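Reviewing the structure listed below.
The values are calculated or read from the model by the stated rules, or taken from the named source; none is laboratory data. Quick caveat: nothing in here was measured; it's all calculated off a predicted structure. Don't worry about glycine lacking a Cβ; one is built from the backbone with ideal geometry, like all the others, and counts go over all protein chains shown. Surface areas here come from the heavy atoms of the whole protein model, side chains and all, with no ligands, DNA or RNA. Shrake-Rupley method; radii C 1.70, N 1.55, O 1.52, S 1.80 Å.
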Amino acid sequence: MNCSEINFEDRYIKIKEIYTMIGEIKDSLSEYREKYRIFSEEIKVEYKSLLECFDSFQKILLIECYTFMEQFVKFFIYKI
C-alpha cells in the first residue's frame, strides 16, 4: 500500500461534501415537512420511504467515515 494507491485528501473532501449535503437535506426535511409529504403523494412514493432513504444515506456516511479512518490509521502505521 502506498500513497498513490489511496488518495486520502480526495476521499476526505468527498466525505465532507456528502456530510454537508446530508445536513442540508436534514434541515430541509425539518423545515418543509409538509411540502415533502405533498411531493411524496405526487410521485406516488410513501413519505416514510423518503425518510428511510435519508436515514440510509446517514448510515452509509457513517460507514464511509469509519472505513476512511481505518485505512488512514493502517496507512499511518505502515509508514511508521
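Between helix 33-42 and the chain, what is the angle of the helix's C-alpha long axis to the longest principal axis, kept within 0 to 90° and rounded to the nearest 10?
80 degrees
Cβ neighbours within 10 Å, averaged per peptide: list 20-28, 41-49 in order, most packed at the top. Mind dumping the intermediate values first?
Details: 20-28: 12.0, 41-49: 9.8.
Top to bottom by mean Cβ count within 10 Å: 20-28, 41-49.
Could you please put C53, C65 in sequence from largest to smallest accessible area, using a 1.4 Å probe?
Values: C53 70, C65 50 Å².
Ranked from most to least accessible, the order is C53, C65.
Which entries of K14/K59; K59/K79; K16/K74; K26/K59; K16/K79; K16/K48 show an alpha-carbon separation above 23 angstrom in the structure shown? Walk me through the intermediate numbers first.
On the way: K14/K59 16 Å; K59/K79 30 Å; K16/K74 21 Å; K26/K59 13 Å; K16/K79 25 Å; K16/K48 27 Å.
The pairs that break the limit, which is 23 Å between Cα atoms, are K59/K79; K16/K79; K16/K48.
Output ³J(HN,Hα) for region 14-25: one whole-Hz value per residue in order, computed from phi by the Karplus curve 6.51 cos²θ - 1.76 cosθ + 1.60 with θ = phi - 60°, and x for Gly and Pro.
Once θ is set to phi - 60°, the couplings for region 14-25 become 5, 4, 5, 5, 5, 4, 5, 5, 5, x, 5, 5 Hz.
Do you know the relative contact order of the chain, to the nearest whole percent, from alpha carbon pairs under 8 angstrom that are 6+ apart? Working shown, then result.
Working: 21 pairs, mean separation 36.9, N = 80.
Rounded, it is 46 percent for the chain.
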